[in-house]
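Chemist: Sharing a structure here in structure tokens format.
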Amino acid sequence: MVFENLEHYPCRLMFIEEPVLSEHDEALKEIARISATLIALGERLYSRGDFKRVLSEGYVDIIQPDPSHAGGITETRKIAPMAEAYDVALALHCPLGPIALAANLQIDAVCYNAFIQEQSLGIHYNQDNDLMDYVSNPEVFAYRDGMVAIPNGPGLGIEVDEAYVRERAQQGHRWRNPVWRHRDGSFAEW
């Protein structure tokens with residue numbers, strides 16, 4: 001991995017996330033050939049087989065599996081050492097709530113190739129409420145100097161505010177992504 005030489009890059013980019021969709025092998029190959037910036041992808045990959053194909057081709061420097069989509073903690077824990085065998089770093093995808101973040105932190109704690117952890121605290125699509133609104137004790141995810149401690153309580157180490165979860169569930173949420181679906185809800189074709 002080339003992480004120690006970031007000062008040689010004019011924009012000091014940590015990495016480029018999904019410059020193209022992961023199924024476009026030919027484009028990934030070309031980008032990897034001409035780019036000095038690290039390439040990350042994987043939030044739309046769902047199995048060890050998907051990751052095996054990308055890793056064996058050598059087009060990525062960082063994989064980003066999402067444990068909520070890639071089979072949970074156990075399956076993601078199997079994907080991480082596959083990447084490690086190819087000298088590829090791990091940056092778990094986590095745009096969801098506190099339970100997903102706590103699970104990701106537990107995976108990070110046991111993966112030698114964990115590089116950085118995505119989280120959704122204060123992100124633009126959390127306009128009505130935020131990640132910490134669901135947690136009884138927000139200090140469990142207190143960030144200090146850009147880092148957060150691995151939760152150490154029982155289970156995932158957090159206590160969810162059940163009353164708030166029920167309140168938000170009553171309001172509902174339209175779980176559609178307008179980028180990936182048509183207005184009628186059907187999947188967009190590529």
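The values are calculated or read from the model by the stated rules, or taken from the named source; none is laboratory data. Every value quoted in this text rests on a predicted model; they were computed, and no experiment measured them. FYI the Cβ positions are ideal-geometry reconstructions off the backbone, even for glycines, and counts take in every protein chain you see.
Chemist: From Ile16, Ile34, Ile39, grab the single residue that is over 30 Å from Ser136 (Cα atoms) and in contact with an Asp or Glu (Cβ under 6 Å, 6 or more places away or on another chain).
Modeler: Checking each option against the conditions leaves just Ile39.
Chemist: Follow-up. Considering only residues that are at pLDDT 65 or above and either assigned to a loop (DSSP other than H, G, I, E, B) or among the hydrophobic types (A, V, I, L, M, F, W, C) (or both), which ones fall in region 156-181?
Modeler: Residues satisfying the conditions are Gly157, Ile158, Glu159, Val160, Asp161, Ala163, Val165, Ala169, Gly172.
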